[in-house]
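*Asks:* Here it is, the structure in full.
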Amino acid sequence: MDLRPIGVFDSGLGGLTCVKRLRELMPGEDIIYLGDTGRVPYGGRSRETIIKYARQDIAFLRRHDIKAVVAACGTVSTNGLEEIAGDYAIPVLGVAAAAARAAVNATRSGRIGLIGTKASIRSTAYDEKILRLMPEARIVKKACPLFVPIVEDGRIGDGEPVLELVAHQYLEDLRRAGVDTLILGCTHYPLIAGTIGRLMGPGVTLIDPGAEIAALLRRRLEEEDALADRDRGAYSYFVTDSAEDFAQTASLFLGFRVEGAVSRVSLEDR
Ligand code: DGL
């Protein structure tokens, strides 16, 4: 058994949808969460900047004695994470590989949709992972940059007028293309899965990257006999902007109350 915490990071609050899934599958784990709320969103930035930020995020988490890192950010996972993961002595896992595999397992027609930030859609990471597993797959991609600010602003209820309008426009091409599986390629999107699922229709399976990475990490920790076998782990949260704003919105993302401390930190010099 390894009782060291798991480090989880995202550009902002979206990665908390992964924390929710991690807690469901591994309630005994301690989790240290870093949300780079002072620099969110990452999704419109260059690959070089995203890699630089990811390195700073991981360096911060590693100041705590952690046993693994989860990049709970689709943008980081598709923009260089695998190149830098080998630089660390502990596992550094992104959400893309697990979500790609789940999509291949779920599709019946081979037509797989992917929605994400501009940087995730610009990247070919998902295409490569899916086509390696299913060479005949057809991948239909759509960048949905307005979803992140809509979610961060808490406008996530099914039927919210702004969300409805934007989602309708973004999803139209995917609906027309007849995808039967849709990867929610950004960790903010599970919060609006109700609206996305309704607009896509009942025949379309939505893939939540948080659920997939939690299952993958659990398997890995089990194999290494490193699962924390206790009833309930402790959580601590770090942000790079206002801690008060974070605590208010975070419980919405987590589905449970933020009980651990929330601290503001600076990453620039790391
Ligand atoms: N949650 C991030 C992702 O999964 C957010 C996007 C952003 O910072 O633009 O891609």
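*Asks:* Which pairs have Cβ atoms under 6 Å, sit 6 or more apart or on different chains, and link a residue in the range 8-23 that is more than 18 Å from ILE207 (Cα to Cα) to one that is within 12 Å of the ligand (Cβ to nearest atom) and aromatic (Phe, Trp, Tyr)?
*Replies:* SER11/TYR42; LEU13/PHE253
*Asks:* How many residues are among the basic types (Lys, Arg) and free of Cβ contacts under 8 Å to residues at least 12 places away in the same chain when one looks only at the range 27-55?
*Replies:* Here the count works out to 1.
*Asks:* Taking ALA68 and the conditions (1) open to solvent by less than 70 Å² (accessible area, probe 1.4 Å); (2) more than 16 Å from ALA54 (Cα to Cα); (3) more than 16 Å from the ligand (Cβ to nearest atom), which numbered condition does it fall short on, given that it satisfies the others?
*Replies:* (2)
*Asks:* Return the only residue of GLY210, GLY201, GLY157 being more than 13 Å from the ligand (Cβ to nearest atom) and either within 22 Å of PRO41 (Cβ to Cβ) or crowded, with 16+ Cβ neighbours inside 10 Å (or both).
*Replies:* Sole residue among the options that is more than 13 Å from the ligand (Cβ to nearest atom) and either within 22 Å of PRO41 (Cβ to Cβ) or crowded, with 16+ Cβ neighbours inside 10 Å (or both): GLY157.
*Asks:* Go through LEU146, LEU114 for me and flag whichever is closer than 21 Å to VAL76 by Cα, aliphatic (A, V, I, L, M) and open to solvent by 50 Å² or more (accessible area, probe 1.4 Å).
*Replies:* Only one candidate passes the filter, namely LEU146.
*Asks:* While we're here: Give the residue, chosen from ARG108, ARG132, that is surrounded by fewer than 19 Cβ atoms within 10 Å (Cβ to Cβ) and part of a helix (DSSP H, G or I).
*Replies:* ARG132
Per-residue answers, yes or no, for (1) within 12 Å of the ligand (Cβ to nearest atom); (2) under 23 Å from ALA226 (Cα atoms); (3) crowded, with 24+ Cβ neighbours inside 10 Å; (4) not aromatic (Phe, Trp, Tyr):
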{"position": "GLY7", "(1), (2), (3), (4)": "no, yes, yes, yes"}
{"position": "ASP10", "(1), (2), (3), (4)": "yes, no, yes, yes"}
{"position": "GLY28", "(1), (2), (3), (4)": "no, yes, no, yes"}
{"position": "ALA54", "(1), (2), (3), (4)": "yes, no, yes, yes"}
{"position": "CYS73", "(1), (2), (3), (4)": "yes, no, yes, yes"}
{"position": "ALA85", "(1), (2), (3), (4)": "no, yes, no, yes"}
{"position": "TYR88", "(1), (2), (3), (4)": "no, yes, no, no"}
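*Asks:* Additional query: If I filter the range 171-211 down to residues being more than 9 Å from the chain's Cα centre (by Cα) and of a type in the set (Gly, Ala, Ser), which single residue comes out as nearest to LYS129 (Cα to Cα)?
*Replies:* So the residue we want is ALA211.
*Asks:* Within the range 87-98, can one find any residue that is within 17 Å of the chain's Cα centre (by Cα) and among the charged types (D, E, K, R)?
*Replies:* No, every residue in the range 87-98 fails to be within 17 Å of the chain's Cα centre (by Cα) and among the charged types (D, E, K, R).
*Asks:* Moving on. Could you run through the range 99-122 and say how many residues are of a type in the set (A, V, I, L, M, F, W, C), touching a helix residue (DSSP H, G or I) at 6+ places or on another chain (Cβ under 9 Å) and within 10 Å of THR181 (Cα to Cα)?
*Replies:* Going through the range 99-122 one residue at a time, the tally reaches 5.
*Asks:* Could you say which residue among ARG232, ARG220 is closer than 29 Å to ILE121 by Cα, loosely packed, with under 15 Cβ neighbours inside 10 Å, touching a residue at least 24 places away in the same chain (Cβ under 8 Å) and out of contact with any Gly (no Cβ under 6 Å at 6 or more places or on another chain)?
*Replies:* Of the residues listed, the single one that is closer than 29 Å to ILE121 by Cα, loosely packed, with under 15 Cβ neighbours inside 10 Å, touching a residue at least 24 places away in the same chain (Cβ under 8 Å) and out of contact with any Gly (no Cβ under 6 Å at 6 or more places or on another chain) is ARG220.
*Asks:* Also, I was wondering about something else. Which of the residues belonging to the range 90-110 are in contact (Cβ under 8 Å) with a residue 60 or more places away in the chain and within 16 Å of the ligand (Cβ to nearest atom)?
*Replies:* LEU93, GLY94, VAL95, ALA96, ALA97, ALA98, ALA99, ALA100, ALA102, ALA103, listed by residue number.
*Asks:* Which of (1) more than 16 Å from the ligand (Cβ to nearest atom); (2) among the small types (Gly, Ala, Ser); (3) at pLDDT 95 or above is the odd one out, the single condition GLY185 does not satisfy?
*Replies:* (1) is the only condition that GLY185 fails.
The values are calculated or read from the model by the stated rules, or taken from the named source; none is laboratory data. Worth saying up front: this structure is predicted, and the values here are computed from it rather than measured. Using ideal geometry, Cβ is built from the backbone for each residue, glycine included, and neighbour counts are taken over all protein chains shown. Side chains are part of the model used for accessible areas, which takes the heavy atoms of the whole protein and leaves out ligands, DNA and RNA. Shrake-Rupley method; radii C 1.70, N 1.55, O 1.52, S 1.80 Å.
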